[in-house]
Amino acid sequence: MLGYTITQWLFGILSFLAIMFALMVVFSRNPVNSVLYLVMTFFCIAGHYLLLNAQFLAVVHIVVYAGAIMVLFLFVIMLMDLNQDSEPQRTMVTKIIAGVAGGLMLFVLVGSLKGTEQLNLSSYGSSQIGTVKNLGKVLFSEFLFPFEIASVLLLAAMVGAIMIGKKDIK
Amino acid sequence: MINGISINYYLLLSTVLFIIGAIGVMARRNSIIIFMCIELMLNAVNLLLVAFSTLHHDASGQVFVFFIMAVAAAEVAVGLAILSMIYRNVKSIDTNLLSNLKN
């Protein structure tokens, strides 16, 4: 098809959709719509993970981000009763300045890529690194200590969230 | 499955997603939207880590992404708890009204 392989088509479509939905997150007036567009962006990024042979991460990404974190966002937005009418807007000048600053940052980052070597990704010998078996081996041998620290971090975050959310701390 | 795609395209895609998140942080006043844009920036970095992990045939990058997801989950839990507490006291999450820590 027009000289492109099926993988390149998939990459292009997923990238386009991810960028479109990301733009909608920023420019949508209604916070609930923003959350739903962000969920779509996360699905596109999970598709990229599948293309990159990271099957386990793709599933974890959907479960943790689209399943847990975004539902938390939705609940908080519904608790606060936010909608389009109560949405605060920055002035036009501030928005233009933000766009110019972002554009300049994009210019610098893309400019730094100019002239770099083109390295092609290949699945030769790498199709097994993203499996549960291989990741589990690496996680529980090389990264065992950071794994335990992450569990302590999650416990601390859980206790902290409950303590902050309590109505009256006696 | 991935063949013949240059790493530069992934660099470009991650950069664009990161910049969109950064513009969102600068251009919006709703604290929850700012939080979501921070998540978007974290995801851009995650995507690049996975791409380089595939390029170098090394699983460490994917384990890093795993840890970043854990830290992001903890950050969101505490951050949203703080935001709901602020909303309970101030009745707003507009960043312009939250410029002072006392009163």
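Each value in this text was obtained by applying a stated rule to the coordinates, not by laboratory testing. Note that this is a predicted model, so its numbers are computed, not measured. Here Cβ is always computed from backbone atoms with ideal geometry, including for glycine, and neighbour counts include all displayed protein chains.
Quick check: is even one residue across the range B:56-76 touching a residue at least 40 places away in the same chain (Cβ under 8 Å) and over 25 Å from A:Trp9 (Cβ atoms)?
Keep residues of the range B:56-76 that are touching a residue at least 40 places away in the same chain (Cβ under 8 Å), which gives B:76.
Restricting the remaining residues to those that are over 25 Å from A:Trp9 (Cβ atoms) gives B:76.
Checked against the condition, which is being touching a residue at least 40 places away in the same chain (Cβ under 8 Å) and over 25 Å from A:Trp9 (Cβ atoms), the range B:56-76 yields at least one hit.
Look at B:Ser60 and say whether it is of a type in the set (Ser, Thr, Tyr) and farther than 24 Å from A:Asn83 by Cβ. If you could, list the steps in order and put the result at the bottom.
Working: of a type in the set (Ser, Thr, Tyr): yes; farther than 24 Å from A:Asn83 by Cβ: yes.
So B:Ser60 passes the test.
Please list, ordered by residue number, the helices (runs of 4 or more DSSP H) wholly in the range A:62-170 having 2 or more residues that are farther than 28 Å from B:Ile82 by Cβ. Step through it out loud before you land on a result.
Values: elements: A:70-80, A:92-113, A:132-141, A:144-165.
In the range A:62-170, the matching helices (runs of 4 or more DSSP H) lie at A:92-113, A:132-141, A:144-165.
Go through (1) within 7 Å of another protein chain (Cβ to nearest Cβ); (2) closer than 26 Å to B:Val76 by Cα; (3) out of contact with any Leu (no Cβ under 6 Å at 6 or more places or on another chain) and name the single condition A:Tyr49 misses.
(3)
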